[in-house]
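**Student:** This is the structure, below, for whatever I ask next.
The values are calculated or read from the model by the stated rules, or taken from the named source; none is laboratory data. Note that the coordinates shown come from a computational prediction; the quantities given were computed from them, not determined experimentally. Positions of Cβ are generated from backbone atoms using ideal geometry, with glycine treated the same way; all protein chains shown enter the neighbour counts. We work out accessible area using only protein heavy atoms, side chains counted, and drop any ligands, DNA or RNA first. Shrake-Rupley method; radii C 1.70, N 1.55, O 1.52, S 1.80 Å.
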Amino acid sequence: MTAVVMKGISKAFGGVKALDNVDFAVMLGEIHALLGGNGAGKSTILKVLNGVHRPDAGTIVVGGVALTTHTPEASRAAGIAMNFQEMSLIPTLSVAQNIFLTREARTARGFLDDAACEKKAAEIFAMLEVKVDPKAVVGTLGAGQKQLTEIAKAISQSSKVLILDEPSTALAVSDVDRLFTFLRKLKAQGVAVIYVSHRMDEIARIADRATILRDGKHVITAPLSDLPIDTMIEHIVGKRSKGLADVQRGAVTRGEVLLEARSLSGVHKPHDVSFALHRGEVLGLAGLLGSGRSSLARVIAGIEPATAGELRIRGEVVSIRKPADAIQAGVALVPEARATQGIIPAHSVASNIVLAVLNRISAKGVVDRAKAQKITDNMIAQLQIKTASRDHAVSTLSGGNQQKVVIGKWLATDPDILVLDEPTAGIDIGSKSEIIRLVRDLAAQGKGIVMISSELSELLTACDRILVMADGRAHQMIDRATLDDPAEPDLGHRLQAAERQLQIEIQKALSQETPHG
């Protein structure tokens, strides 16, 4: 019997179709994997089912009853519970208070009964066979215990449909095993479990069937027996790479070693990472959410402290304790969160671009306007920023041009080493190609570039070597050229095949992860 039937679901955000006429059905008593790359529409369709988003078109039937009101309360009343990938916990409340938020136990006189909630929470953790203190304040917990609290919150609703969105991201291997044992018990009780994960080895172990989405469209639904890992990867990747196939990578002239990490570790991540970045080279960091890529970038840029190992710049050991130390050493980080960390949207293009060099172009607190204009005009020309003038607010620019302003701001500091964290996130394919061409040009000018991207096709287009990371550790350094099939004349097909190969290497790294506590 079907637990959920979604038919013809469409959803657009600002004119961009996140879901396009998608069908999705889940049976009672099955564990159904929902798969797809970044931006495939997985989280959107689950938020539609959970009532967070209202569909623009389509129908939803849960347990044979049409869902006509699209709110979280209506979905919960229909028996749907979901944990959220981005975690919806309130850090100042206890574990038990978070689990039963808005569903608190009450005393006979109507007061909140924390003790009863703590007892129920303890029972859930005992069922999962994991140790989490129901009285602990969530803000004091590590990532793994927060993830278990999020899962317990979903389980506590005794629902008929349980949605788990990337539940294992921060879990130790032993905790994943216990979660799977518990999910099999729920399945035996007739609960429908929708399981989202990028980890193919997990999917192969736990799921009965899988649905794969790509670019907001339904690709295939099939039993796991018909979907070996390489077939899953093929469906997930599809022909998404084609838009970048025309970017010319060009030959690389590698110079001296600019940046070297030796057994570098951070507070939580990375762990014992070593690599060398040469002048004129683009080095990619590949891995899933939680692999430690951004943590490594933050340690290099002085945002987070290194706890072990050393960094060398041009052969000299450097101590980078704060961002100013990194800038002084010729390192600049273009952060992932463009809107909150990269630009001041209401300010002009000029004031954003000179933000990181104000001390160099000011005297007694007064900015030299001629110098500021010269730097800005140089960056607008060099990066081909499309703006009506240097005085226009950055908020009036397209996403791709806003990103160029962020890159221009840091290029103005004249760094030798540029660390780019998801530089093409949230921008259209045309702008992505421009940013990647810019990255290649900067490398050709002698910069050393570390680039993080969740889009494997972008890493393959931009990078000369790729370091595969999982669980905070470096697993393998891959020379980009070794992923190419020179016998394949079609550049789009060649990029697609390389993407499949890199996806397989990431999955191998995940399967070699060491258990952590």
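**Student:** Name the residues in the range 222-240 that are of a type outside the set (G, A, S), part of a helix (DSSP H, G or I) and open to solvent by 30 Å² or more (accessible area, probe 1.4 Å), would you? Explain how you work it out, then say what you get.
**Tutor:** Applying the first criterion (of a type outside the set (G, A, S)) to the range 222-240 yields 223-224, 226-237, 239-240.
Next, from what is left, pick out any that are part of a helix (DSSP H, G or I): 224, 226, 229-237, 240.
Result: D226, I229, D230, T231, E234, H235, R240.
**Student:** If you don't mind, another one. Select from the range 416-434 the residues that are surrounded by fewer than 21 Cβ atoms within 10 Å (Cβ to Cβ) and modelled with pLDDT of 85 or more and list them in ascending order.
**Tutor:** D416
**Student:** Does the range 307-315 include one or more residues that are of a type outside the set (V, I, T), open to solvent by 70 Å² or more (accessible area, probe 1.4 Å) and modelled with pLDDT of 90 or more?
**Tutor:** Yes: one or more hits.
**Student:** From I320, I313, I303, which residue is of a type in the set (V, I, T) and within 25 Å of the chain's Cα centre (by Cα)?
**Tutor:** Details: I320 fails: within 25 Å of the chain's Cα centre (by Cα); I313 fails: within 25 Å of the chain's Cα centre (by Cα).
Result: I303 is the single residue among I320, I313, I303 that is of a type in the set (V, I, T) and within 25 Å of the chain's Cα centre (by Cα).
**Student:** From V299, V334, V354, which residue is within 30 Å of L277 (Cα to Cα), buried (at least 18 other Cβ atoms within 10 Å of the Cβ) and out of contact with any helix residue (DSSP H, G or I) (no Cβ under 9 Å at 6 or more places or on another chain)?
**Tutor:** Working: V334 fails: out of contact with any helix residue (DSSP H, G or I) (no Cβ under 9 Å at 6 or more places or on another chain); V354 fails: out of contact with any helix residue (DSSP H, G or I) (no Cβ under 9 Å at 6 or more places or on another chain).
Sole residue among the options that is within 30 Å of L277 (Cα to Cα), buried (at least 18 other Cβ atoms within 10 Å of the Cβ) and out of contact with any helix residue (DSSP H, G or I) (no Cβ under 9 Å at 6 or more places or on another chain): V299.
**Student:** Would you confirm whether any residue within the range 305-315 is closer than 27 Å to E458 by Cα, in contact (Cβ under 8 Å) with a residue 40 or more places away in the chain and of a type in the set (G, A, S)?
**Tutor:** No, every residue in the range 305-315 fails to be closer than 27 Å to E458 by Cα, in contact (Cβ under 8 Å) with a residue 40 or more places away in the chain and of a type in the set (G, A, S).
**Student:** A further question on this structure: Would you mind finding the one in E513, E499, E488 that is open to solvent by less than 20 Å² (accessible area, probe 1.4 Å), on the phi < 0 side of the Ramachandran plot and at pLDDT below 90?
**Tutor:** After ruling out the rest, the residue left standing is E499.
**Student:** Still on this structure, I have one more. Select from the range 470-504 the residues that are within 16 Å of M200 (Cα to Cα) and touching a residue at least 40 places away in the same chain (Cβ under 8 Å) and list them in ascending order. Reasoning before the result, please.
**Tutor:** Of the range 470-504, the ones within 16 Å of M200 (Cα to Cα) are 470-471, 499-504.
Result: A470, D471, E499, R500, L502, Q503, I504.
**Student:** Return the residues of the range 455-485 that are open to solvent by 40 Å² or more (accessible area, probe 1.4 Å) and polar (S, T, N, Q); say none if nothing qualifies.
**Tutor:** Selection gives Q476, T482.
**Student:** Say we look at the range 149-172 and pick out the residues that are open to solvent by 10 Å² or more (accessible area, probe 1.4 Å) and not in a loop (DSSP other than H, G, I, E, B); which of these is modelled with the highest pLDDT?
**Tutor:** Ranking the candidates gives K153 first.
**Student:** Is the range 61-81 home to any residue that is closer than 25 Å to S197 by Cα, among the basic types (K, R) and open to solvent by 20 Å² or more (accessible area, probe 1.4 Å)?
**Tutor:** Yes, there is a match, as at least one residue in the range 61-81 is closer than 25 Å to S197 by Cα, among the basic types (K, R) and open to solvent by 20 Å² or more (accessible area, probe 1.4 Å).
**Student:** Restricting the range 71-103 to residues that are under 30 Å from D56 (Cβ atoms) and of a type in the set (S, T, N, Q), which is modelled with the lowest pLDDT?
**Tutor:** Only one residue fits best here, namely Q85.
**Student:** Does any residue in the range 14-25 that is in contact (Cβ under 8 Å) with a residue 40 or more places away in the chain come within less than 7 Å, Cβ to Cβ, of a residue that is open to solvent by 80 Å² or more (accessible area, probe 1.4 Å) and assigned to a strand (DSSP E or B) six or more places away or on a different chain, and which pairs are these?
**Tutor:** Within 7 Å, the pairs are D20/K217; V22/K217; D23/K7.
**Student:** Mind listing just one residue for me: the one in the range 203-221 that is under 18 Å from K47 (Cβ atoms) and part of a loop (DSSP other than H, G, I, E, B) and, of those, most open to solvent (accessible area, probe 1.4 Å)?
**Tutor:** Per the criteria, the residue is D215.
**Student:** Is it the case, given these coordinates, that G51 is more than 21 Å from the chain's Cα centre (by Cα), within 30 Å of I236 (Cα to Cα) and surrounded by 20 or more Cβ atoms within 10 Å (Cβ to Cβ)? Please lay out each step first, then the result.
**Tutor:** Working: more than 21 Å from the chain's Cα centre (by Cα): yes; within 30 Å of I236 (Cα to Cα): yes; surrounded by 20 or more Cβ atoms within 10 Å (Cβ to Cβ): yes.
Yes; evaluated as a whole, the condition is true for this residue.
**Student:** Applying the selection to the range 258-275, what residues are surrounded by 17 or more Cβ atoms within 10 Å (Cβ to Cβ) and over 19 Å from the mean Cα position of the chain (by Cα)?
**Tutor:** Residues of the range 258-275 surrounded by 17 or more Cβ atoms within 10 Å (Cβ to Cβ): 258-261, 264-266, 269-271, 273, 275.
Those that are surrounded by 17 or more Cβ atoms within 10 Å (Cβ to Cβ) and over 19 Å from the mean Cα position of the chain (by Cα): L258, L259, E260, A261, L264, S265, G266, H271, V273, F275.
**Student:** Which numbered condition trips up W410, out of (1) over 22 Å from S294 (Cβ atoms); (2) in a helix (DSSP H, G or I)?
**Tutor:** Only one criterion is unmet by W410, namely (1).
**Student:** Filtering the range 104-147 down to residues that are β-branched (V, I, T) and surrounded by 16 or more Cβ atoms within 10 Å (Cβ to Cβ), which residue is modelled with the lowest pLDDT?
**Tutor:** Restricting attention to the range 104-147, the residues satisfying the condition of being β-branched (V, I, T) are 107, 124, 130, 132, 137-138, 140.
Next, from what is left, pick out any that are surrounded by 16 or more Cβ atoms within 10 Å (Cβ to Cβ): 124, 130, 132, 138.
Details: I124: 86, V130: 80, V132: 88, V138: 88.
In this case the residue turns out to be V130.
**Student:** Would you check if K135 is touching a Ser or Thr at 6+ places or on another chain (Cβ under 6 Å) and in a loop (DSSP other than H, G, I, E, B)?
**Tutor:** Values: touching a Ser or Thr at 6+ places or on another chain (Cβ under 6 Å): yes; in a loop (DSSP other than H, G, I, E, B): yes.
Considered against the rule, which asks whether it is touching a Ser or Thr at 6+ places or on another chain (Cβ under 6 Å) and in a loop (DSSP other than H, G, I, E, B), K135 comes out as yes.
**Student:** When both residues are 6+ apart or on different chains and their Cβ atoms are under 7 Å apart, which pairs have a first residue that lies in the range 173-202 and is closer than 26 Å to K508 by Cβ and assigned to a helix (DSSP H, G or I), and a second that is open to solvent by 60 Å² or more (accessible area, probe 1.4 Å) and charged (D, E, K, R)?
**Tutor:** R178/E129; F180/R205
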